[in-house]
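One structure below.
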Amino acid sequence: MSSAQAPNPTRSAGSAGRLERFWDRLADATERPVEWLIRLCGYSAILFVFGIFFFVFREALPVFGKLDFVEFFTSPQWRPTSQVQVQYGILALLAGTLSVTALAMLIAVPLGLGAAVYISEFCGGKFKETLKVLIELLAAVPSVVWGFIGYMVLGPVLLHTTGADVGVNLLNGGIILALMSVPIIVSVGEDALKAVPDSYREAALALGASRWETVYRVLFPAARNGLLAAVLLGVGRAIGETMAVLMATGHAIQIPRSLLDPIRTLTATIAAELGEAVEGGDHYRVLFVIGLVLFGVTFVVNFLADLVVKGIRGEKGN
C-alpha cells in the first residue's frame, strides 16, 4: 500500500476529538433547557392545584357575606330553590359522603390488599398476568356504567334480599364505590409489595416463618408507606366519585340511620344542580362553596396520612 492510500492516524484521532467536543458542547447547550423543562413539569402539579383552588374560591367568594356558616355546616336542610325559605345546610350531604366513603373503604381495603398480596406473593405464571389484566380492566370501566350496574342489577338484588323500601341506597353506593376503588388499591399495593427486597422474604423463610407470617410480620411493615398510599388513593376515588353515587344512592337528602337508607353526597349535589342554578346567583355560588368543602376534606385526609407516614418513619429511625 502506498503512503497516499494509507490512513492517517493523526487525522482520524483529530476528527474523533472534534466530534466528541461537538457532542459535549451540544450536551452543555441542551442541559439547561432540559433541566428547566423538568422543573416546570414538577412545579406544574402545584400550579394546577392552586389554579383550580383559585377558580373555585373566586366563584364562591361573593356569597361568603350572605351565607350563615353555622347553619351551613350544622343544618341538614338543603332547600336552595324554596319559594318560602331558602336553606343551605350540608350536614346531611356531608354525612352521606362520609358514610358511603367509609362503607366503601370497609369493603375495598380488605379485598384490595388481599388481592394485592395474592397476586404479589401467591400467584404466578400466566394466571397472574391474566388476573392483573382483568383487574386493570375493572379500573377502565366508566363510572356511568358502574352507576347502571348499581341501579339495574344490584338495586333489585338488594330490594329482594334485604326488604328495603328502595334498592338504591347507602349499601348499594358503598358496594359500587368499593368495586371502583379495588383496582387502584390492588395496583398500587402490589407495586409496594414487589418493591420489598427478596432478601426480606428469604430471611423470614430461613427463620422458619410461614408464607402468611412472612406477609403479615415482614412485608406489611416494610411496605407500609406504599400500602397506605394505596388506601388513600382508594379514599380519594370514593370521595370524588360523582355519577355512580348519583345513580346508586337514591339521591335523598337525609342523615342515614341504616345501611338501607337513601342518601345524597356532596359531589352528586354539585353534578345534579349546577346545570340548573342561575349563573352568578346564590345557589350557584353555594355549590362552589361545597367544592371548597370537598377540597378541605381531601386536604384533611392527606394531612392525616402524612402525619401517619412521618410517625412510621420516626419509629423506623428510632
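The values are calculated or read from the model by the stated rules, or taken from the named source; none is laboratory data. Computed from a prediction, not measured in an experiment: that's the story for all the values here. Note that we place each Cβ from the backbone using ideal geometry, even for glycine, and neighbour counts take in every protein chain shown. SASA here: full protein model, heavy atoms, side chains in, ligands and nucleic acids out. Shrake-Rupley method; radii C 1.70, N 1.55, O 1.52, S 1.80 Å.
Here ALA204 clears all of (1) open to solvent by less than 60 Å² (accessible area, probe 1.4 Å); (2) in contact with a helix residue (DSSP H, G or I) (Cβ under 7 Å, 6 or more places away or on another chain); (3) touching a residue at least 60 places away in the same chain (Cβ under 8 Å) except the condition numbered (3).
If you check LEU177, LEU131, LEU106, LEU170 for being closer than 22 Å to LEU219 by Cα and modelled with pLDDT of 90 or more, only one passes: LEU106. Where helices (runs of 4 or more DSSP H) sit wholly within the stretch 237-317, those with at least 1 residues that are farther than 26 Å from GLY167 by Cα, open to solvent by 30 Å² or more (accessible area, probe 1.4 Å) and modelled with pLDDT under 85 occupy 282-317. Number of residues in the stretch 52-81 that are touching a strand residue (DSSP E or B) at 6+ places or on another chain (Cβ under 9 Å) and not in a helix (DSSP H, G or I): the value is 7. Of all the listed residues (VAL84, VAL157, VAL153), the sole one being aliphatic (A, V, I, L, M) and part of a loop (DSSP other than H, G, I, E, B) is VAL84. Taken as a whole, the condition of being in a helix (DSSP H, G or I) and surrounded by 12 or more Cβ atoms within 10 Å (Cβ to Cβ) does not apply to LEU137. One residue alone among PHE53, PHE69 is within 28 Å of the chain's Cα centre (by Cα) and open to solvent by 60 Å² or more (accessible area, probe 1.4 Å), and that residue is PHE53.
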